[in-house]
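These notes concern the structure reproduced below.
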Amino acid sequence: MAVTVILGTQWGDEGKGKIVDLLSDNYDIVARYQGGANAGHTVVINGKKFILHLIPSGILHPNTVCVIGNGTVIDPDALINEINMLEQEGIHVKNRLLISHKAHLIMPYHKLLDTLSESTRSQKAIGTTGRGIGPAYIDKFSRVGIRIVDLLNKEDFAAKLRFNLNEKNNILKALYHTEELNIDEIIDKYLEFDKIIDPYIKDTTTYLNQAIADSKSILAEGAQGAMLDVDHGTYPFVTSSNPTVGGACTGLGIPPTAINRIIGVVKAYSTRVGNGPFPTEQNNSDGDMLRKYGDEFGSTTGRPRRCGWLDLFALKYSAMINGFEEIAITKIDVLTNFDKIKICTGYKYQGKELKTFPADNQTLDQVECQYTELPSWKSIPKNAKVFSDLPLEMKKYVEFIEQYLGRRVCLISTGPGRDEIVKV
Ligand code: GDP
Ligand code: IMO
Ligand code: MG
């Protein structure tokens, strides 16, 4: 019993929420390690849809303890809304949710600066979720971030806030010609927030390491996806954290040796929301069909997602960085609506086949995808539960992915519901 990491292998929205929920029953603890309320993880149980932004997707299992780790950035509004939403649905969060005292707080100026800086970017906008994620991580790495632990000492909190607000108000006025933010209003709001979240605050680093020592099992839930990783993704069109496997260690304070299983969640095709390179994007009727049948609209912002074919070349790169041995394929049912399915198996740039995934977006924007075409299937038997229940063409699609990546598929999701799953 140790740590399993479940992470997104593409550009986010792979269906991580569904897979985490599905496996949560087998784990004592489910922990988010990075990102914030930019995430939108959907879990559908008996037709009822839950979208979780900050709280781990394991919360829907009554015996699971959920941890929001030190690597995350926490927006009080989003967190309180989510706790209220769950309580209203009869899901008790008290005593089951632990929030790291080292996690950073998203402040009102982070959200404002996120939107304003996007609107004035000289290069193309990133297309962020507007949740203040980038500006909060900027402050963290500039060493002026305000952490949950800072709420404990009111004077200290006010002093840190005053220092930051001076700078931010100057930026807001001079650069964006907007009104200054009022310090007293922010102090009142965050101290009120402190009262609400006080029972949840914990030294989660010690808690998780003790749990490992006690042979408890932990599921680390990644947000976003490898291609949105600030180090390894399609920079600068990325998020400001590390969704890749290393992020689980830094974002929870656990050693890499504690991780003994990594599952990469792979959507059976590709989507991306926001700007940036997307080699297999289909700006045509195929892309429209994927969006329509896959219901590809953002869980957090409602934006239509850009859609395209599965990109095995990018996935090989993602597999290399994350080292996952197992894959959970999701949304394979969406491909039922096609006669033929394309899979990208390589990139050509200026007529030459690329050996490695390019780091510069100019190349990525110009690569020519090499596709293999496979036949689709007419339907999926209702109640398919094991691999042998699946149509021959679907099995071939899955085996093609396994062979190309040299990794094993352990789960195939055939619909949004908890029970729509095939174990391999
Ligand atoms: P996450 O951010 O990785 O958790 O993914 P999202 O929740 O943002 O997006 C995945 C969407 O696909 C959600 O609406 C899920 O309910 C839905 N979904 C998950 N698995 C499947 C599946 O196998 N088939 C279909 N049709 N929908 C799925
Ligand atoms: P889940 O966990 C898909 C994208 C944004 C934008 C870029 C930067 O649900 O998979 P940010 O607000 O993080 O600064 O935006 O990252 N993005 C996501 N795309 N799924 C997500 O989360 C995302 N979180 C951020 O659209 O392109
Ligand atoms: Mg999502």
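The values are calculated or read from the model by the stated rules, or taken from the named source; none is laboratory data. Please read all numbers here as calculations on a predicted model, not as lab measurements. Positions of Cβ are generated from backbone atoms using ideal geometry, with glycine treated the same way; all protein chains shown enter the neighbour counts. Just the protein is used for accessible areas: all its heavy atoms, side chains included, with ligands, DNA and RNA removed. Shrake-Rupley method; radii C 1.70, N 1.55, O 1.52, S 1.80 Å.
Of the residues making up the stretch 121-143, those that are within 16 Å of ligand 1 (Cβ to nearest atom), within 17 Å of Trp11 (Cα to Cα) and part of a loop (DSSP other than H, G, I, E, B) are Gly127, Thr128, Thr129.
Of all residues in the stretch 31-48, how many are more than 14 Å from ligand 2 (Cβ to nearest atom) and open to solvent by less than 10 Å² (accessible area, probe 1.4 Å)?
Step one: list which residues in the stretch 31-48 are more than 14 Å from ligand 2 (Cβ to nearest atom), which gives 31, 44-48.
Cutting the leftovers down to open to solvent by less than 10 Å² (accessible area, probe 1.4 Å) gives us 31.
Residues that pass the stated criteria total 1.
Does the stretch 278-293 contain any residue that is within 16 Å of ligand 3 (Cβ to nearest atom), of a type in the set (D, E, K, R) and without any contact (Cβ under 8 Å) to a residue 24 or more places away in the chain? There is at least one residue in the stretch 278-293 that is within 16 Å of ligand 3 (Cβ to nearest atom), of a type in the set (D, E, K, R) and without any contact (Cβ under 8 Å) to a residue 24 or more places away in the chain. Taken over the stretch 257-294, the criterion of being within 16 Å of Ser413 (Cα to Cα), within 11 Å of ligand 2 (Cβ to nearest atom) and in a loop (DSSP other than H, G, I, E, B) is satisfied by no residue. Looking at the stretch 235-246, can you tell me whether even one residue there is in a helix (DSSP H, G or I) and either open to solvent by 10 Å² or more (accessible area, probe 1.4 Å) or of a type in the set (S, T, N, Q) (or both)? Scanning the stretch 235-246, I find at least one residue that is in a helix (DSSP H, G or I) and either open to solvent by 10 Å² or more (accessible area, probe 1.4 Å) or of a type in the set (S, T, N, Q) (or both), so the answer is yes.
The set of residues in the stretch 62-82 that are open to solvent by 50 Å² or more (accessible area, probe 1.4 Å) and not in a loop (DSSP other than H, G, I, E, B) comprises Asp77, Asn81.
Scanning the stretch 1-16 for residues that are within 9 Å of the chain's Cα centre (by Cα) and open to solvent by less than 20 Å² (accessible area, probe 1.4 Å) returns Leu7, Gly8, Trp11, Gly12, Glu14, Lys16.
Between residues in the stretch 363-391 that are in contact (Cβ under 8 Å) with a residue 60 or more places away in the chain and residues that are open to solvent by 40 Å² or more (accessible area, probe 1.4 Å), which pairs lie under 6 Å by C-beta distance while being six or more apart or on different chains? Pairs found: Val367/Tyr349; Tyr371/Lys342. Being open to solvent by less than 10 Å² (accessible area, probe 1.4 Å), aliphatic (A, V, I, L, M), in a loop (DSSP other than H, G, I, E, B) and without any contact (Cβ under 8 Å) to a residue 60 or more places away in the chain holds for only one residue in Ile59, Ile55, and it is Ile55.
Out of the residues in the stretch 341-363 that are among the β-branched types (Val, Ile, Thr) and open to solvent by less than 20 Å² (accessible area, probe 1.4 Å), which is farthest from Lys292 (Cα to Cα)? It would help to see each step written out before you state the result.
Kept after step one, since they are among the β-branched types (Val, Ile, Thr), are these residues of the stretch 341-363: 341, 343, 345, 356, 363.
Add one more test, that the residue is open to solvent by less than 20 Å² (accessible area, probe 1.4 Å), and what stays is 341, 343, 363.
Numbers: Ile341: 16, Ile343: 19, Thr363: 30 Å.
It comes out as Thr363.
Of the residues making up the stretch 232-252, not a single one is more than 14 Å from the chain's Cα centre (by Cα) and within 16 Å of ligand 1 (Cβ to nearest atom).
Taking the stretch 295-340 as the range and being open to solvent by 10 Å² or more (accessible area, probe 1.4 Å), under 16 Å from Ser270 (Cβ atoms) and assigned to a strand (DSSP E or B) as the test, the residues that pass are Phe297, Pro304, Arg306. Scoring Ala136 on the criteria (1) at pLDDT below 95; (2) touching a helix residue (DSSP H, G or I) at 6+ places or on another chain (Cβ under 6 Å) leaves a single failure, condition (1).
Residues in the stretch 83-117 that are in a helix (DSSP H, G or I) and touching a strand residue (DSSP E or B) at 6+ places or on another chain (Cβ under 9 Å): Ile83, Met85, Leu86, His110.
Can we say Gln366 is touching a Gly at 6+ places or on another chain (Cβ under 6 Å), at pLDDT 95 or above, open to solvent by 40 Å² or more (accessible area, probe 1.4 Å) and not hydroxyl-bearing (Ser, Thr, Tyr)? No; evaluated as a whole, the condition is false for this residue. Only one of the numbered conditions (1) small (Gly, Ala, Ser); (2) more than 27 Å from Ile218 (Cβ to Cβ); (3) touching a strand residue (DSSP E or B) at 6+ places or on another chain (Cβ under 7 Å) is not met by Ala136, and that is (2).
If you go through the stretch 172-185 one residue at a time, do you hit one that is more than 16 Å from ligand 2 (Cβ to nearest atom), open to solvent by 50 Å² or more (accessible area, probe 1.4 Å) and in contact with a strand residue (DSSP E or B) (Cβ under 9 Å, 6 or more places away or on another chain)?
So the first thing to find is which residues in the stretch 172-185 are more than 16 Å from ligand 2 (Cβ to nearest atom), and the list is 172-185.
Next, from what is left, pick out any that are open to solvent by 50 Å² or more (accessible area, probe 1.4 Å): 173-175, 177, 179-180, 182, 184-185.
Cutting the leftovers down to in contact with a strand residue (DSSP E or B) (Cβ under 9 Å, 6 or more places away or on another chain) gives us none.
For the stretch 172-185, residues more than 16 Å from ligand 2 (Cβ to nearest atom), open to solvent by 50 Å² or more (accessible area, probe 1.4 Å) and in contact with a strand residue (DSSP E or B) (Cβ under 9 Å, 6 or more places away or on another chain): absent.
Taking (1) farther than 19 Å from Asp75 by Cα; (2) open to solvent by 60 Å² or more (accessible area, probe 1.4 Å); (3) among the aliphatic types (A, V, I, L, M) in turn, Leu152 satisfies each apart from (1).
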